Ligand SMILES: NC(=O)c1ccc[n+]([C@@H]2O[C@H](COP(=O)([O-])OP(=O)(O)OC[C@H]3O[C@@H](n4cnc5c(N)ncnc54)[C@H](OP(=O)(O)O)[C@@H]3O)[C@@H](O)[C@H]2O)c1
(Lines give C-alpha, C1' and ligand atoms only; values in the text may rest on other atoms or scores of the structure.)
Protein backbone atom coordinates (compact mmCIF):
# COMPACT_ATOMS: atom_id res chain seq x y z
CA UNK A 1 0.00 0.00 0.00
CA UNK A 2 1.49 3.35 -0.99
CA UNK A 3 0.82 6.46 1.02
CA UNK A 4 0.93 9.05 -1.67
CA UNK A 5 0.69 12.25 0.34
CA UNK A 6 3.72 13.81 -1.34
CA UNK A 7 2.38 13.33 -4.86
CA UNK A 8 2.25 16.45 -6.99
CA UNK A 9 -1.32 17.73 -6.92
CA UNK A 10 -2.47 19.32 -10.18
CA UNK A 11 -4.52 22.48 -9.84
CA UNK A 12 -7.86 21.04 -8.81
CA UNK A 13 -9.50 24.48 -8.69
CA UNK A 14 -9.49 24.76 -12.49
CA UNK A 15 -11.41 21.49 -12.88
CA UNK A 16 -15.15 20.96 -12.97
CA UNK A 17 -16.25 17.98 -10.90
CA UNK A 18 -19.56 16.31 -11.69
CA UNK A 19 -21.19 13.98 -9.17
CA UNK A 20 -23.58 11.43 -10.65
CA UNK A 21 -25.92 10.74 -7.72
CA UNK A 22 -26.54 13.34 -5.04
CA UNK A 23 -26.87 11.09 -1.97
CA UNK A 24 -25.02 10.83 1.32
CA UNK A 25 -21.52 10.24 0.02
CA UNK A 26 -21.77 12.90 -2.68
CA UNK A 27 -22.97 15.42 -0.07
CA UNK A 28 -20.04 14.49 2.22
CA UNK A 29 -17.51 14.91 -0.56
CA UNK A 30 -19.03 18.20 -1.68
CA UNK A 31 -19.06 19.46 1.93
CA UNK A 32 -15.39 18.47 2.28
CA UNK A 33 -14.37 20.10 -0.98
CA UNK A 34 -16.14 23.35 -0.12
CA UNK A 35 -14.64 23.35 3.39
CA UNK A 36 -11.24 23.01 1.64
CA UNK A 37 -12.00 26.19 -0.37
CA UNK A 38 -13.09 24.54 -3.60
CA UNK A 39 -15.36 26.80 -5.69
CA UNK A 40 -19.02 25.78 -5.52
CA UNK A 41 -19.55 26.87 -9.13
CA UNK A 42 -17.07 24.21 -10.24
CA UNK A 43 -19.18 21.45 -8.71
CA UNK A 44 -22.12 19.90 -10.57
CA UNK A 45 -24.51 17.30 -9.21
CA UNK A 46 -26.88 15.22 -11.26
CA UNK A 47 -29.70 13.22 -9.66
CA UNK A 48 -33.24 12.34 -10.78
CA UNK A 49 -34.65 13.65 -7.49
CA UNK A 50 -35.38 17.36 -7.99
CA UNK A 51 -35.99 17.95 -4.29
CA UNK A 52 -32.61 16.46 -3.41
CA UNK A 53 -30.97 18.69 -6.00
CA UNK A 54 -32.72 21.79 -4.63
CA UNK A 55 -31.54 20.89 -1.13
CA UNK A 56 -27.92 20.49 -2.30
CA UNK A 57 -28.04 23.76 -4.25
CA UNK A 58 -29.42 25.62 -1.23
CA UNK A 59 -26.88 24.05 1.14
CA UNK A 60 -23.74 24.40 -0.97
CA UNK A 61 -24.51 26.86 -3.82
CA UNK A 62 -23.41 24.25 -6.38
CA UNK A 63 -24.81 23.70 -9.88
CA UNK A 64 -27.48 21.02 -10.23
CA UNK A 65 -28.58 19.23 -13.38
CA UNK A 66 -31.36 16.67 -13.82
CA UNK A 67 -29.74 14.88 -16.78
CA UNK A 68 -26.62 12.76 -16.21
CA UNK A 69 -25.24 13.12 -19.75
CA UNK A 70 -25.60 16.93 -19.65
CA UNK A 71 -23.66 16.90 -16.39
CA UNK A 72 -20.92 14.70 -17.91
CA UNK A 73 -20.69 17.01 -20.94
CA UNK A 74 -19.40 19.76 -18.65
CA UNK A 75 -17.06 17.69 -16.46
CA UNK A 76 -13.30 17.28 -16.15
CA UNK A 77 -13.84 14.68 -13.44
CA UNK A 78 -16.95 12.51 -13.00
CA UNK A 79 -17.53 10.97 -9.58
CA UNK A 80 -19.86 7.97 -9.80
CA UNK A 81 -21.82 8.14 -6.53
CA UNK A 82 -24.89 5.97 -7.12
CA UNK A 83 -25.62 2.66 -5.38
CA UNK A 84 -23.66 -0.29 -6.80
CA UNK A 85 -26.81 -2.01 -8.09
CA UNK A 86 -27.67 1.14 -10.11
CA UNK A 87 -24.21 1.50 -11.57
CA UNK A 88 -24.53 -0.51 -14.81
CA UNK A 89 -27.64 1.33 -15.95
CA UNK A 90 -26.27 4.74 -14.96
CA UNK A 91 -22.82 4.21 -16.49
CA UNK A 92 -24.21 2.86 -19.77
CA UNK A 93 -26.43 5.92 -19.84
CA UNK A 94 -23.48 8.34 -19.71
CA UNK A 95 -21.14 6.28 -21.93
CA UNK A 96 -21.72 8.32 -25.11
CA UNK A 97 -21.14 11.64 -23.35
CA UNK A 98 -18.05 10.24 -21.61
CA UNK A 99 -16.62 8.97 -24.92
CA UNK A 100 -16.82 12.48 -26.35
CA UNK A 101 -15.77 14.47 -23.27
CA UNK A 102 -13.21 11.94 -21.89
CA UNK A 103 -13.30 13.02 -18.23
CA UNK A 104 -11.44 11.23 -15.47
CA UNK A 105 -13.94 8.75 -13.96
CA UNK A 106 -13.76 8.19 -10.20
CA UNK A 107 -16.02 5.48 -8.77
CA UNK A 108 -16.82 5.39 -5.07
CA UNK A 109 -19.16 2.39 -5.39
CA UNK A 110 -18.43 -0.65 -3.25
CA UNK A 111 -17.76 -3.85 -5.16
CA UNK A 112 -18.02 -2.56 -8.73
CA UNK A 113 -14.88 -3.64 -10.54
CA UNK A 114 -12.90 -1.53 -13.00
CA UNK A 115 -13.30 -4.14 -15.73
CA UNK A 116 -17.10 -3.80 -15.66
CA UNK A 117 -16.99 -0.02 -15.41
CA UNK A 118 -14.65 0.08 -18.41
CA UNK A 119 -16.92 -2.15 -20.48
CA UNK A 120 -20.06 -0.18 -19.55
CA UNK A 121 -18.25 3.05 -20.52
CA UNK A 122 -17.42 1.61 -23.94
CA UNK A 123 -13.64 1.28 -23.42
CA UNK A 124 -10.71 3.67 -23.17
CA UNK A 125 -11.82 5.52 -20.03
CA UNK A 126 -9.38 6.82 -17.42
CA UNK A 127 -10.69 5.10 -14.29
CA UNK A 128 -9.91 5.34 -10.60
CA UNK A 129 -11.79 3.04 -8.23
CA UNK A 130 -12.05 4.11 -4.60
CA UNK A 131 -13.41 2.65 -1.38
CA UNK A 132 -14.34 5.27 1.22
CA UNK A 133 -15.97 4.49 4.57
CA UNK A 134 -18.82 6.01 6.54
CA UNK A 135 -16.79 8.40 8.75
CA UNK A 136 -16.23 10.31 5.50
CA UNK A 137 -19.54 11.93 6.49
CA UNK A 138 -17.57 13.71 9.25
CA UNK A 139 -14.46 14.26 7.14
CA UNK A 140 -12.84 11.47 9.19
CA UNK A 141 -12.97 8.81 6.50
CA UNK A 142 -10.33 6.38 5.28
CA UNK A 143 -10.37 5.96 1.51
CA UNK A 144 -8.32 3.54 -0.54
CA UNK A 145 -7.80 4.20 -4.24
CA UNK A 146 -6.75 2.06 -7.17
CA UNK A 147 -5.96 3.36 -10.64
CA UNK A 148 -6.75 1.31 -13.74
CA UNK A 149 -3.95 0.90 -16.30
CA UNK A 150 -3.33 4.07 -18.32
CA UNK A 151 -4.31 6.56 -15.64
CA UNK A 152 -1.66 9.31 -15.49
CA UNK A 153 0.04 10.56 -12.32
CA UNK A 154 -1.81 13.87 -12.65
CA UNK A 155 -5.13 12.05 -12.88
CA UNK A 156 -4.23 9.98 -9.83
CA UNK A 157 -3.38 13.13 -7.90
CA UNK A 158 -6.66 14.69 -8.99
CA UNK A 159 -8.69 11.72 -7.74
CA UNK A 160 -6.72 11.65 -4.50
CA UNK A 161 -7.23 15.33 -3.81
CA UNK A 162 -11.02 14.89 -4.13
CA UNK A 163 -11.15 11.98 -1.69
CA UNK A 164 -8.72 13.66 0.67
CA UNK A 165 -11.45 16.25 1.30
CA UNK A 166 -13.17 13.62 3.48
CA UNK A 167 -10.19 12.14 5.32
CA UNK A 168 -7.11 10.00 4.89
CA UNK A 169 -6.27 8.47 1.51
CA UNK A 170 -3.94 5.69 0.42
CA UNK A 171 -3.38 3.64 -2.72
CA UNK A 172 -3.27 -0.07 -3.46
CA UNK A 173 -1.41 -1.38 -6.49
CA UNK A 174 -3.66 -4.38 -7.04
CA UNK A 175 -7.42 -4.03 -7.47
CA UNK A 176 -8.01 -7.38 -5.74
CA UNK A 177 -6.85 -5.81 -2.48
CA UNK A 178 -10.04 -3.73 -2.53
CA UNK A 179 -11.84 -6.77 -1.04
CA UNK A 180 -9.45 -6.77 1.93
CA UNK A 181 -9.87 -2.99 2.24
CA UNK A 182 -13.65 -3.44 2.28
CA UNK A 183 -13.23 -5.98 5.11
CA UNK A 184 -10.90 -3.72 7.10
CA UNK A 185 -11.86 -0.05 6.74
CA UNK A 186 -15.13 -0.39 4.80
CA UNK A 187 -16.87 -2.56 7.38
CA UNK A 188 -14.47 -1.59 10.19
CA UNK A 189 -16.50 1.17 11.85
CA UNK A 190 -19.14 -1.44 12.76
CA UNK A 191 -16.54 -3.64 14.49
CA UNK A 192 -15.58 -0.74 16.73
CA UNK A 193 -19.26 0.00 17.39
CA UNK A 194 -19.69 -3.60 18.51
CA UNK A 195 -16.70 -3.36 20.86
CA UNK A 196 -18.21 -0.15 22.23
CA UNK A 197 -21.57 -1.84 22.75
CA UNK A 198 -19.87 -4.71 24.62
CA UNK A 199 -17.89 -2.34 26.87
CA UNK A 200 -20.98 -0.26 27.55
CA UNK A 201 -22.96 -3.36 28.54
CA UNK A 202 -20.14 -4.58 30.79
CA UNK A 203 -19.98 -1.17 32.50
CA UNK A 204 -23.74 -1.23 33.10
CA UNK A 205 -23.63 -4.77 34.46
CA UNK A 206 -21.08 -3.54 37.03
CA UNK A 207 -23.56 -0.93 38.24
CA UNK A 208 -22.62 2.19 36.24
CA UNK A 209 -25.48 4.37 35.03
CA UNK A 210 -26.30 3.74 31.35
CA UNK A 211 -25.33 7.25 30.27
CA UNK A 212 -22.09 7.15 32.23
CA UNK A 213 -21.16 3.77 30.74
CA UNK A 214 -21.85 5.07 27.23
CA UNK A 215 -19.95 8.34 27.63
CA UNK A 216 -16.94 6.67 29.22
CA UNK A 217 -16.85 4.05 26.46
CA UNK A 218 -17.06 6.52 23.59
CA UNK A 219 -14.59 9.00 25.05
CA UNK A 220 -12.17 6.16 25.77
CA UNK A 221 -12.44 4.97 22.17
CA UNK A 222 -11.82 8.51 20.92
CA UNK A 223 -8.87 8.99 23.27
CA UNK A 224 -7.31 5.65 22.29
CA UNK A 225 -7.75 6.41 18.57
CA UNK A 226 -6.16 9.84 19.00
CA UNK A 227 -3.24 8.39 20.94
CA UNK A 228 -2.74 5.76 18.24
CA UNK A 229 -2.88 8.29 15.40
CA UNK A 230 -0.70 10.92 17.08
CA UNK A 231 1.96 8.53 18.40
CA UNK A 232 4.82 7.18 16.32
CA UNK A 233 4.48 3.93 18.31
CA UNK A 234 2.11 1.28 17.01
CA UNK A 235 -0.93 0.04 18.96
CA UNK A 236 1.05 -2.88 20.47
CA UNK A 237 3.64 -0.52 22.02
CA UNK A 238 0.89 1.78 23.30
CA UNK A 239 -0.83 -1.20 24.87
CA UNK A 240 2.35 -2.27 26.65
CA UNK A 241 2.81 1.29 27.94
CA UNK A 242 -0.58 1.21 29.67
CA UNK A 243 -0.32 -2.38 30.97
CA UNK A 244 1.36 -2.58 34.39
CA UNK A 245 2.50 -6.05 35.46
CA UNK A 246 -0.07 -7.54 37.79
CA UNK A 247 -2.50 -4.69 37.18
CA UNK A 248 -6.10 -4.42 36.06
CA UNK A 249 -5.40 -3.90 32.35
CA UNK A 250 -3.18 -6.96 32.25
CA UNK A 251 -5.94 -9.09 33.82
CA UNK A 252 -8.52 -7.90 31.29
CA UNK A 253 -6.21 -8.34 28.29
CA UNK A 254 -5.25 -11.86 29.33
CA UNK A 255 -8.94 -12.77 29.46
CA UNK A 256 -9.42 -11.35 25.97
CA UNK A 257 -6.41 -13.36 24.72
CA UNK A 258 -7.75 -16.55 26.34
CA UNK A 259 -11.03 -15.92 24.51
CA UNK A 260 -9.07 -15.80 21.20
CA UNK A 261 -10.04 -12.25 20.32
CA UNK A 262 -7.30 -12.02 17.69
CA UNK A 263 -8.37 -15.25 15.95
CA UNK A 264 -11.93 -14.05 16.00
CA UNK A 265 -10.97 -10.78 14.30
CA UNK A 266 -8.93 -12.73 11.77
CA UNK A 267 -11.93 -14.91 10.94
CA UNK A 268 -14.32 -11.97 10.90
CA UNK A 269 -12.23 -10.03 8.38
CA UNK A 270 -11.71 -13.13 6.22
CA UNK A 271 -15.47 -13.61 6.21
CA UNK A 272 -16.05 -9.99 5.22
CA UNK A 273 -13.50 -10.25 2.42
CA UNK A 274 -15.11 -13.44 1.06
CA UNK A 275 -18.49 -11.72 1.13
CA UNK A 276 -17.04 -8.73 -0.72
CA UNK A 277 -15.80 -11.07 -3.48
CA UNK A 278 -19.25 -12.74 -3.66
CA UNK A 279 -21.04 -9.38 -3.87
CA UNK A 280 -18.73 -8.18 -6.65
CA UNK A 281 -19.45 -11.37 -8.62
CA UNK A 282 -23.17 -10.83 -8.17
CA UNK A 283 -22.82 -7.29 -9.55
CA UNK A 284 -20.86 -8.64 -12.54
CA UNK A 285 -23.61 -11.12 -13.34
CA UNK A 286 -26.36 -8.47 -13.31
N1 LIG B 1 -22.28 5.69 2.56
C2 LIG B 1 -21.08 5.20 2.76
O3 LIG B 1 -20.51 5.25 3.86
C4 LIG B 1 -20.30 4.59 1.65
C5 LIG B 1 -19.06 4.01 1.91
C6 LIG B 1 -18.33 3.46 0.85
C7 LIG B 1 -18.84 3.51 -0.43
N8 LIG B 1 -20.06 4.07 -0.64
C9 LIG B 1 -20.59 4.08 -2.00
O10 LIG B 1 -21.06 5.36 -2.33
C11 LIG B 1 -22.12 5.22 -3.27
C12 LIG B 1 -23.24 6.12 -2.86
O13 LIG B 1 -23.67 5.72 -1.57
P14 LIG B 1 -24.62 6.66 -0.71
O15 LIG B 1 -24.60 6.13 0.67
O16 LIG B 1 -24.29 8.09 -0.98
O17 LIG B 1 -26.03 6.29 -1.40
P18 LIG B 1 -27.32 7.21 -1.59
O19 LIG B 1 -27.44 8.16 -0.46
O20 LIG B 1 -28.45 6.28 -1.90
O21 LIG B 1 -26.97 8.07 -2.88
C22 LIG B 1 -27.15 7.61 -4.21
C23 LIG B 1 -27.87 8.71 -4.97
O24 LIG B 1 -27.92 8.36 -6.35
C25 LIG B 1 -29.20 8.73 -6.81
N26 LIG B 1 -29.56 8.07 -8.06
C27 LIG B 1 -30.33 6.96 -8.22
N28 LIG B 1 -30.47 6.70 -9.54
C29 LIG B 1 -29.76 7.65 -10.21
C30 LIG B 1 -29.53 7.92 -11.59
N31 LIG B 1 -30.05 7.15 -12.55
N32 LIG B 1 -28.77 8.99 -11.91
C33 LIG B 1 -28.24 9.78 -10.95
N34 LIG B 1 -28.45 9.56 -9.63
C35 LIG B 1 -29.19 8.52 -9.26
C36 LIG B 1 -30.09 8.35 -5.66
O37 LIG B 1 -31.36 8.93 -5.82
P38 LIG B 1 -32.65 8.19 -5.13
O39 LIG B 1 -32.42 8.25 -3.67
O40 LIG B 1 -33.78 9.01 -5.62
O41 LIG B 1 -32.64 6.78 -5.67
C42 LIG B 1 -29.31 8.92 -4.50
O43 LIG B 1 -29.54 10.30 -4.34
C44 LIG B 1 -22.51 3.75 -3.31
O45 LIG B 1 -22.08 3.17 -4.51
C46 LIG B 1 -21.79 3.14 -2.13
O47 LIG B 1 -21.34 1.83 -2.39
C48 LIG B 1 -20.80 4.61 0.37
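The values are calculated or read from the model by the stated rules, or taken from the named source; none is laboratory data. Given the structure is predicted, the values throughout are model-derived calculations rather than measurements. Every residue, glycine as well, gets a Cβ built from its backbone with ideal geometry; the counts of neighbours run over all protein chains shown.
Key figures for this structure:
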read-out: Neighbours by Cβ (under 7 Å, 6+ apart or cross-chain): first from region 73-102, touching a residue at least 60 places away in the same chain (Cβ under 8 Å) and farther than 23 Å from residue 284 by Cα; second assigned to a loop (DSSP other than H, G, I, E, B) and more than 7 Å from the ligand (Cβ to nearest atom); value: 76/15; 76/16; 76/103; 77/15; 77/103
read-out: Unique match (being surrounded by 14 or more Cβ atoms within 10 Å (Cβ to Cβ), within 22 Å of residue 131 (Cβ to Cβ) and at pLDDT below 95) among 110, 81; value: 110
read-out: Flag if residue 74 is away from the ligand (no atom under 11 Å from the Cβ) and under 20 Å from residue 121 (Cβ atoms); value: yes
read-out: Matching residues in region 115-142 - criterion: being within 14 Å of the ligand (Cβ to nearest atom) and under 12 Å from residue 87 (Cβ atoms); value: 116, 117, 120, 129
read-out: Some residue of region 249-272 being in a helix (DSSP H, G or I) and within 30 Å of residue 89 (Cα to Cα); value: yes
read-out: Boolean, residue 203 is surrounded by 11 or more Cβ atoms within 10 Å (Cβ to Cβ) and touching a strand residue (DSSP E or B) at 6+ places or on another chain (Cβ under 7 Å); value: no
read-out: From the options 220, 243, residue that is surrounded by 11 or more Cβ atoms within 10 Å (Cβ to Cβ) and outside any helix (DSSP H, G or I); value: 243
